Amino acid sequence: AIMRSPGAALGSPGPNATRGGDGGGAVGDARLERMLSVVSARLEAHIAETSQRFAAFRAEISAGGGRAAHHAQDGGEVLELRARVASLEAALGSPRAARASSWDTDEDGDTYDLTGAKAGGGGLFAGWFGSQPEPAPRMQTATRHTPAAAWAQEPADAVVSLESSIWDCALVILLHQGCSAWRDPRQQWYLGAFNILQTWVLLWLNGLVQVLFVIAVHSMSKTDGPAANADSILDARLMVGHLFSEIDRKSMMTRAERTCNGQLLDSLSSMVGDISEYLDPSIDKGILALPGNIICFLAMLFWVVEMTVEIRRCADLFLVVRALPNTDRTVIEETGAAHILKGVNRCHKVWAIVFVLLPRFLISMFLLTYGKRFLANTTEVSELILNTCALEFIRNVDDMILQALATRTLLLFTQNARIFRFDAISQQPLLGEEVAEDFEVEGRVPPSIARRHGSAIEALKVACAAVFVVLHSYSGYHNLIQPFAKGAQIAYENACDGNLRFTYLLHPVTDTPIFAQADESTQELISMRCFYSAQYEMVRMRAGLPPSTFAANASLTALVNGSARPCQASFGHRPEVPCPEMDLLQLGAIQNIGEAGYFSSPLCADLDVAYAVIRNTCLSPAFYHGSSIRELSFFEGATSCADLVDACSGRLQGNFTFRWYEKLRKVCARTCGQCRSSEVVAAP
């Protein structure tokens, strides 16, 4: 109803309502009693008639009717008649005299008092002379009960529902009674000492865990990123990546080139690959791929929005708590299963702000700051989404702690608790002061009727949230992402810019570097790549893998791994074929034998197994094509080392080059006359 006592909310009890008195006594004067019955019956009839007219007035207000002044007068008559009834009750000394100012009318015209007793059919004085409960002892909490039908009319924006979070749980408990809540044996929200103590323990545990997570995120956030390693990357490339000993004999590529191509499995190659994908993912993923700095900005924007929700929640709860009236005792309105907080002690407000809202706000701000730095310094693009999800997990720690460790009573209490919003739009006056004086109306109305005087405030809140998101996103991109991307660009240039195909070694006498170009176009690479590739093929065959350049041969594989019969040595005799397989002692001894020592040792022989692998590799389609056919054609007529007698003696003219002679004279040492203790078959 619009015509009501000042400050009373629609469908809810007024601020001065109580739970009833301490029972009525016997009425002494029978004559006065009969007079009161007659008067009350007439008043009830008149009240019912006027209430119907006033209900029509309320409907017209909702529909925008224009007869407000006429019906406002009818509403005034209702209040006046109720006041007359109250004066009669007071004359009889009734303890229910205070009830006359606490009537309300629901949408159906039924009248309720604030204790939940429906008076529409039983008469105004029904239950006067019945027995009444004893008044409760004075405690720290004043509770009033409102029927569920009346609470259903309360505007949706007039209450703040709580989340299943230890922050919200601790907030509402501190606002209710703080540490002394177990001393108040109320019906609906009585928790007991264990639940109150558990709330404090979980609150401190949550604060400790979130602070540790904030420290962990801070420790994982690099401040410099790849820029700090740019000089080290350059040193590793120049001093190691271009060494002649680090050239891959199979592909004839320097280590620096293989690092930039992603052909190595080490930390430097992995770092360079991540930086390359971060800067330009289109190399591998096409034109639809986004660079790493854009993906990082999207992840950071998501994180800023998530933390804005948390920070805005803190600010909103702070405004709600600050707007609660300061009362000597906590005012709680219980309606069915829900309990609504409508007034708190000033000390409880301070506790709630200091122990809940302020720590929650500070943790959120630190987590926002360090989370942005953590995301901005992530080089691996695939890890950005995972890191964002990890930060979201940290943000939800308070929810998980309450859900995992709290009792069912505490969970239900948090779900059913509400905090009344006295700054809600629906709690603003229906009309301005000038119009209110003309129509003589007072009270609060739902948002569907109220003039939205608070729309400007709501727009300001939304604008502040938007500005907060924009500023933090811009500062994160400008101060964190861009410097990281520039440092990544410098590191990549140090690793892969310039000439990657030169190699060098230090002169054994002058100790100065000597350089050579390792381009694929050089004649040496064209003619000699198959020799170095044959080294790789022999290792593959020994590992039990088929060759990559020529067809697998079981007999040749058995000779390589030493399992063939010709490779087996008998007592006192050498094996028929010198296979590349020996015991560990011989392997360790031959490591430092040197060229002269090898030629003068009994191990010097024609390595026909190694020559067969070299021949098959060089005659494979991978190498025997184009301009290399002329230089490799001598392999066509030389199936073993014995067929190279003319080549080693110099009688083979034309396509047998000196480079191949230098390689094969050591492989076929006996045929080429290099073995000192053996018969010289051919002299160079």
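The values are calculated or read from the model by the stated rules, or taken from the named source; none is laboratory data. Since the structure is predicted, the reported quantities are computational estimates derived from the model, not experimental observations. Virtual Cβ from ideal backbone geometry, glycine too; neighbours counted across all protein chains shown. Just so you know, the surface numbers come from the protein's heavy atoms only, side chains and all, with ligands and any DNA or RNA stripped out. Shrake-Rupley method; radii C 1.70, N 1.55, O 1.52, S 1.80 Å.
Of note:
- Space enclosed by the convex hull of the alpha-carbon atoms of segment 202-350, per residue, Å³: 220 Å³
- Violating pairs (Cα-Cα greater than 29 angstrom) within the set Lys250/Lys666; Lys349/Lys372; Lys342/Lys461; Lys372/Lys486; Lys372/Lys461: Lys349/Lys372
- Taking all protein chains into account, the per residue accessible area for segment 541-682 stands at 56 Å² (1.4 Å probe).
- Put a dot 7 Å past the Cα of Ala466, heading toward its Cβ, do the same for Phe502, and the two dots end up 5.8 nm apart.
- Modelled label reach - Glu383, point 7 Å along Cα→Cβ, segment 256-270 residues with backbone N closer than 16 Å: 266-270
- Figure legend: label point modelled 7 angstrom from the Cα of Glu662 along Cα→Cβ; residues of segment 613-641 with amide N under 19 Å from it are 631-632.
- Pairwise FRET efficiency - Gln263 versus Glu458, Cβ, R0 = 56 Å, nearest 0.05: 0.40
- The modelled label-to-label distance between Ser570 and Asn326, using points 7 Å beyond Cα along the C-beta direction, is 11.4 nm.
- Listed peptides 541-547, 610-616, 274-280, 304-310 appear in the order 610-616, 274-280, 304-310, 541-547 once ranked by packing, highest mean of other Cβ atoms within 10 Å at the front.
- Remark: segment 528-627 is approximated by an ellipsoid whose semi-axes, taken from the C-alpha gyration tensor as √(5λ), come to 26, 17, 12 Å, largest first.
- With an a/c value of 1.5 or above and a/b not larger than b/c for the gyration tensor axes a ≥ b ≥ c computed over the alpha-carbon atoms, segment 478-521 is described as oblate.
- Protein-only accessible surface at a 1.4 angstrom probe places the residues Ser620, Ser555 in the order Ser555, Ser620, largest first.
- 5 angstrom amide H check on Val159, placed H, neighbours 5+ away: Arg421
- The distance separating the Cα centre of segment 320-369 from that of segment 478-501 comes to 51 Å.
- Evaluated with a Cβ-only charge set (Lys, Arg +1; Asp, Glu -1), segment 532-684 carries a dipole of roughly 140 debye about its Cα centre, given to the nearest 20.
- Segment 190-261: C-alpha pair distances exceeding 13 Å, %: 77 percent
- Within segment 454-497: backbone nitrogen closer than 20 Å to the Phe515 label point (7 Å, Cα to C-beta): 493-497
- With all protein chains modelled, accessible area of Thr639 [1.4 Å, Å²]: 90 Å²
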